[in-house]
Structures are given as C-alpha cells and as structure tokens.
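Asks: Structure below; questions to follow.
The values are calculated or read from the model by the stated rules, or taken from the named source; none is laboratory data. Source: prediction; values computed, not measured. Every residue, glycine as well, gets a Cβ built from its backbone with ideal geometry; the counts of neighbours run over all protein chains shown.
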Amino acid sequence: MGNRLGVKLSRVARRGGRPPVPIERDPQRFEIACWWAFTEMGLGKFDAARRALLATKGGPITLEDIEGVLIRATATIPLPQPFDPDDPDKGLRRLSAKAQRAKPSPWLINSAGLVQGVIMFIASNNTTGICLAYDGLIKLGWGPTIMGLAQRIEAALRSNLPPADLDKLSPAVRRVLVELHHREAERK
C-alpha cells in the first residue's frame with residue numbers, strides 16, 4: 001500500500017505540482033475566456049489581458065465626456081495578485097500565460113465565442129444577435145460578471161464630471177461631435 005502511494009506521489013511530482021483545475025471551476029475562468037476572445041479578435045496578449053480584467057473585475061469606470069455615442073473613459077483595473085511595483089506587468093503576463101495554457105473545453109470555447117459575438121453584434125447594431133449571445137453567456141454562468149460590468153457603466157453614466165477638454169480631441173472626433181449636436185437639435 002505504501003508503494004502505491006509513493007508511485008502516485010512521484011507521478012504528481014514529475015508533472016510539476018497539483019493536478020489541473022477544470023476551467024469551469026477556475027476562479028479566473030471569465031478573464032481567460034475574455035482573453036481568448038480578444039486575442040482571436042487580433043489584440044496582443046497584454047492588451048487582451050488588460051481588457052479582460054477591465055470587463056470582468058475592473059473598478060469604477062469614470063467618464064470625462066459623454067457626447068452622443070462618443071465616450072472617453074478611464075477605469076481602474078485591478079491587476080492579479082501579487083502586484084509587484086518593480087514589475088507592473090507581472091500580473092498581465094501571468095494571466096496571459098495561464099490563458100495560453102488553458103485546455104480547450106466546451107465551456108471555454110463557447111464562452112469565448114459568445115463574448116466575440118456580443119462585441120460583433122453590438123458593433124453592427126444587431127439586437128437579436130446581442131440578445132442571443134447574452135442568453136448563451138447567462139446559461140454558462142456569466143450573469144454576475146455581466147451585471148457587475150453593467151453596474152460600473154451605469155455608475156459612470158450617472159456621475160457628474162466636468163466635460164472633457166475638447167481641444168485634446170482629434171479634428172475627426174470634433175466633426176463627429178458637431179454632427180451629433182446638429183442631429184440632436186433637429187430632433188427637438
């Protein structure tokens with residue numbers, strides 16, 4: 001009996017530690033699924049990691065300016081612990097490495113695909129697609145994550161901050177703002 005236990009322990013030691021946790025039980029599963037979606041959409045590893053953290057765990061979002069559909073926003077993004085001030089990208093590297101090592105599973109593949117779908121459907125103003133993708137995400141357990149993001153965005157929209165410095169905006173963005181103001185004035 002002692003020999004069997006010794007054989008099992010030596011196998012675990014050779015594999016490099018504890019057995020892998022299924023992605024469905026991993027505490028970072030939502031960040032990993034977002035990372036997969038964002039990298040498949042062409043973002044770099046660190047940019048995908050930052051956006052994944054913003055979407056899933058970000059702090060309060062503050063808006064400098066809301067003009068029609070133009071939003072300039074900043075957000076506090078908590079980095080994975082432990083945060084090292086001498087190496088601020090350490091948490092992003094760890095998240096990226098973990099996401100790259102994640103084994104494809106139905107939950108992960110479907111989640112990443114639905115996150116991509118939501119983004120593409122929003123960009124094309126496809127309400128039916130948005131609803132179907134959200135329903136799929138909710139069935140996969142994304143409800144609290146989606147609600148957290150929505151609450152942070154709603155809080156930012158309710159904030160009463162001074163307007164952004166429009167001189168810092170590019171000429172193209174200023175033209176869009178002028179056009180939006182004219183459209184709004186015509187509606188009234």
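Asks: Just to be sure I understand, how many residues within the range 122-139 are crowded, with 16+ Cβ neighbours inside 10 Å and over 16 Å from the mean Cα position of the chain (by Cα)?
Replies: Total meeting the criteria: 2.
Asks: Let me ask something additional. Considering G16, G42, which residue is modelled with pLDDT of 90 or more and exposed (fewer than 13 other Cβ atoms within 10 Å of the Cβ)?
Replies: Unique residue meeting the criteria: G42.
Asks: Is it the case that L157 is within 30 Å of S111 (Cα to Cα), part of a helix (DSSP H, G or I) and either under 28 Å from the mean Cα position of the chain (by Cα) or modelled with pLDDT of 65 or more (or both)?
Replies: yes
Asks: For the range 100-114, enumerate the residues that are surrounded by 16 or more Cβ atoms within 10 Å (Cβ to Cβ) and modelled with pLDDT under 95.
Replies: Across the range 100-114, the qualifying residue is only A102.
Asks: Another question, if that's okay. Filter the range 24-54 for residues that are in contact with a helix residue (DSSP H, G or I) (Cβ under 8 Å, 6 or more places away or on another chain) and of a type in the set (K, R) and give the result.
Replies: Residues satisfying the conditions are R29, K45, R50, R51.
Asks: Looking only at the range 79-99, filter to residues that are out of contact with any helix residue (DSSP H, G or I) (no Cβ under 7 Å at 6 or more places or on another chain), part of a helix (DSSP H, G or I) and surrounded by fewer than 17 Cβ atoms within 10 Å (Cβ to Cβ); which one of those is modelled with the lowest pLDDT?
Replies: Looking at residues that are out of contact with any helix residue (DSSP H, G or I) (no Cβ under 7 Å at 6 or more places or on another chain), part of a helix (DSSP H, G or I) and surrounded by fewer than 17 Cβ atoms within 10 Å (Cβ to Cβ), I get K90.
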